[in-house]
Amino acid sequence: MTRSDLVTLLADRFGQLTHRDAEFAVKTMLDAMTEALGRGHRIEIRGFGSFAINRRPPRMGRNPRSGEPVGIPEKLVPHFKPGKALREAVDRIDDGGSSAA
């Protein structure tokens, strides 16, 4: 699903929302999440999952062409951890809707 797919789905599902309103809502939400992660905050959406920032320490890598060592600086990368409800929903879809329990 792409961002434009999400906007279209919202506009279709909620008739009172115009396409432009749905687009603004999605943009506002994603911008707020990006800003929060940029400040180092953790985002938790119950039943869906959580977003956090992971630190990748500096390390030594190799240039694949020359084989020379190359210093790779520290990086902060976003990380998503799915919640239990999302994992179970995806598992049910994968099983064809049948429940093992």
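Inspect segment 80-99 for any residue being assigned to a strand (DSSP E or B), exposed (fewer than 13 other Cβ atoms within 10 Å of the Cβ) and out of contact with any His (no Cβ under 8 Å at 6 or more places or on another chain) and give the result as yes or no. Write out each step before concluding.
Initially, segment 80-99 is screened for residues assigned to a strand (DSSP E or B), giving 80-82.
Narrowing further to those that are exposed (fewer than 13 other Cβ atoms within 10 Å of the Cβ): 80-81.
Going one step further and asking which of them are out of contact with any His (no Cβ under 8 Å at 6 or more places or on another chain), we end up with 80-81.
Within segment 80-99, one or more residues are assigned to a strand (DSSP E or B), exposed (fewer than 13 other Cβ atoms within 10 Å of the Cβ) and out of contact with any His (no Cβ under 8 Å at 6 or more places or on another chain).
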Note on Ser50: of the conditions (1) of a type outside the set (A, V, I, L, M, F, W, C); (2) under 18 Å from the mean Cα position of the chain (by Cα); (3) in a helix (DSSP H, G or I); (4) surrounded by 12 or more Cβ atoms within 10 Å (Cβ to Cβ), unmet is (3)
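Yes or no: segment 28-47 includes at least one residue that is farther than 26 Å from Pro73 by Cα, assigned to a loop (DSSP other than H, G, I, E, B), at pLDDT below 95 and assigned by TED's automatic domain parsing to the domain that holds Pro82.
Looking through segment 28-47, at least one residue is farther than 26 Å from Pro73 by Cα, assigned to a loop (DSSP other than H, G, I, E, B), at pLDDT below 95 and assigned by TED's automatic domain parsing to the domain that holds Pro82.
The values are calculated or read from the model by the stated rules, or taken from the named source; none is laboratory data. Worth saying up front: this structure is predicted, and the values here are computed from it rather than measured. All Cβ positions, even for glycine, are placed from backbone atoms using ideal geometry, and neighbour counts span all protein chains on display.
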